[in-house]
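These notes are about the structure you will find just below.
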Amino acid sequence: MTENMYLALDFPTWDEAKHFIDENNFHGIPVKVGMELFYREGPDLIERLKQDNHNIFLDLKLHDIPATVGKAMKNLAKLGVDIVNVHALGGSEMIIQAKEGLLSGNVSGHETKLIAVTVLTSMDDEMMNNELMIQGKVQDNVLHFADFAKKNGADGVVCSVHEAMRIKDVCGPQFLTITPGIRLQESDNNDQKRVATPSFARENKADILVLGRTITNAQDPKAAYKKVLEEWGNGNKS
Ligand code: C5P
C-alpha cells in the first residue's frame, strides 16, 4: 500500500521531477511538493500532478502572523491538495486561523488536512536548547506542540518516528503522525538528526512516511522504494 508513503519531489524543476518519476515508473504514487519545486513552478505544477493521479502533500510550512497565514491557507485550499502544513511554533491563534482559512477556501469539497510541524527532524536537543533557547528535550517539546496543535484544530503533526507513539498516546489514534527522516539501514543520514527505518516507523505507530533522499539518492530508486514498501507494509493500519 503506497497510499501512506509520500515521495518528496525535492528537485529544482518540474522537468527533473518528471524525469525521475518517468524513469522509475513512479506514476500516480503520493508525492510531497516542497518549497524548492513549488517556488519555481507555482500552482500549475499541482494541476499537472493531479492530472497524473498523484495524491499531494504541499509542504510549504507556513509561519507568519495569524491573519496572513489564514488568508494564505484560503488560497492554498483552492488547489485541492490532500495535506498542507504550518509550523506549530507560529502559535495557537495561527493554527486556528490556518484551519479557518482552509475550510473557507475549499471550493471542491475535497478535504485538505492541516498538519503542524513540531520540531524539525534536522534538530536535536543541543541545537534546540543552545541556538533557539527552547528548554527541555526535543521529545517533550514535540509532545507539547502536538497537544496544542490538536486542541487548536490541526489534523496531525509532522514529527520524527521516535515521538510518534507518545503522540498517539496523548492525542489519540485519529491524530495523524507524519514522519520524515526515514532511512533504509544502508542510507546516509544527510542533515537529519532523528532518523528511523520504515519497520521502526511501523512499530512506533507512524501513519504516513515521507521518503526523500533514501529514495532520490539511491543507486536504484525503484528498488529502494520497493524495499521501503516491504518493510512498511501498510504501516500501523495493518
Ligand atoms: O531527504 P530526506 O528524507 O531527509 O527528506 C525529508 C523531506 O521531508 C524533505 O523534503 C524535508 O523538507 C521534509 N521534512 C523534514 N522534516 C520536517 C518536515 C519536512 O525533513 N519536520
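What number of residues within segment 127-147 are more than 20 Å from residue 98 (Cα to Cα) and not in a loop (DSSP other than H, G, I, E, B)?
9
Given the conditions (1) under 25 Å from residue 171 (Cβ atoms); (2) free of Cβ contacts under 8 Å to residues at least 24 places away in the same chain; (3) away from the ligand (no atom under 16 Å from the Cβ), which single one is not true for residue 141?
It is condition (3) that residue 141 fails.
Identify, from the list 193, 205, 150, 168, the residue that is more than 9 Å from the ligand (Cβ to nearest atom), part of a loop (DSSP other than H, G, I, E, B) and under 28 Å from residue 99 (Cα atoms). Steps first, answer last, please.
Working: 193 fails: under 28 Å from residue 99 (Cα atoms); 150 fails: part of a loop (DSSP other than H, G, I, E, B); 168 fails: part of a loop (DSSP other than H, G, I, E, B).
Testing whether each residue is more than 9 Å from the ligand (Cβ to nearest atom), part of a loop (DSSP other than H, G, I, E, B) and under 28 Å from residue 99 (Cα atoms) leaves just 205.
Please work out which one of (1) more than 15 Å from the ligand (Cβ to nearest atom); (2) closer than 20 Å to residue 200 by Cβ; (3) under 16 Å from the mean Cα position of the chain (by Cα) is the condition residue 155 fails and give its number.
Tallying (1) more than 15 Å from the ligand (Cβ to nearest atom); (2) closer than 20 Å to residue 200 by Cβ; (3) under 16 Å from the mean Cα position of the chain (by Cα), residue 155 fails exactly one: (2).
Just one of (1) buried (at least 18 other Cβ atoms within 10 Å of the Cβ); (2) of a type in the set (D, E, K, R); (3) part of a helix (DSSP H, G or I); (4) in contact with a Phe, Trp or Tyr (Cβ under 8 Å, 6 or more places away or on another chain) trips up residue 32, so point out which.
The one condition residue 32 does not meet is (3).
On the given criteria, is residue 185 out of contact with any helix residue (DSSP H, G or I) (no Cβ under 6 Å at 6 or more places or on another chain), part of a loop (DSSP other than H, G, I, E, B) and under 26 Å from residue 20 (Cβ atoms)?
Details: out of contact with any helix residue (DSSP H, G or I) (no Cβ under 6 Å at 6 or more places or on another chain): yes; part of a loop (DSSP other than H, G, I, E, B): yes; under 26 Å from residue 20 (Cβ atoms): yes.
Yes.
Return a yes/no flag: does segment 50-70 have any residue that is more than 14 Å from the ligand (Cβ to nearest atom), without any contact (Cβ under 8 Å) to a residue 24 or more places away in the chain and touching a strand residue (DSSP E or B) at 6+ places or on another chain (Cβ under 9 Å).
yes
On the given criteria, is residue 134 under 20 Å from residue 119 (Cβ atoms) and either surrounded by fewer than 15 Cβ atoms within 10 Å (Cβ to Cβ) or within 15 Å of the chain's Cα centre (by Cα) (or both)? I'd like the intermediate steps shown before the answer.
Values: under 20 Å from residue 119 (Cβ atoms): yes; either surrounded by fewer than 15 Cβ atoms within 10 Å (Cβ to Cβ) or within 15 Å of the chain's Cα centre (by Cα) (or both): no.
Considered against the rule, which asks whether it is under 20 Å from residue 119 (Cβ atoms) and either surrounded by fewer than 15 Cβ atoms within 10 Å (Cβ to Cβ) or within 15 Å of the chain's Cα centre (by Cα) (or both), residue 134 comes out as no.
Answer yes if at least one residue in segment 160-180 is among the basic types (Lys, Arg) and either buried (at least 24 other Cβ atoms within 10 Å of the Cβ) or closer than 20 Å to residue 227 by Cβ (or both), and no otherwise.
no
Being more than 17 Å from the chain's Cα centre (by Cα), under 20 Å from residue 63 (Cβ atoms) and touching a residue at least 40 places away in the same chain (Cβ under 8 Å) is the requirement here; does residue 227 meet it?
No, not satisfied.
Looking at segment 213-235 only, could you name the residues that are within 13 Å of the ligand (Cβ to nearest atom) and not in a helix (DSSP H, G or I)?
Step one: of segment 213-235, the residues within 13 Å of the ligand (Cβ to nearest atom) are 213-218, 221, 224-225, 228.
Once the filter is applied, which keeps residues that are within 13 Å of the ligand (Cβ to nearest atom) and not in a helix (DSSP H, G or I), segment 213-235 yields 217, 218.
The numbers here are math on the coordinates, done by the rules we state, and not lab data. Not measured: the values here are computed from a predicted model. Please note: Cβ atoms are built from the backbone with ideal geometry, for glycine as well, and neighbour counts cover all protein chains shown.
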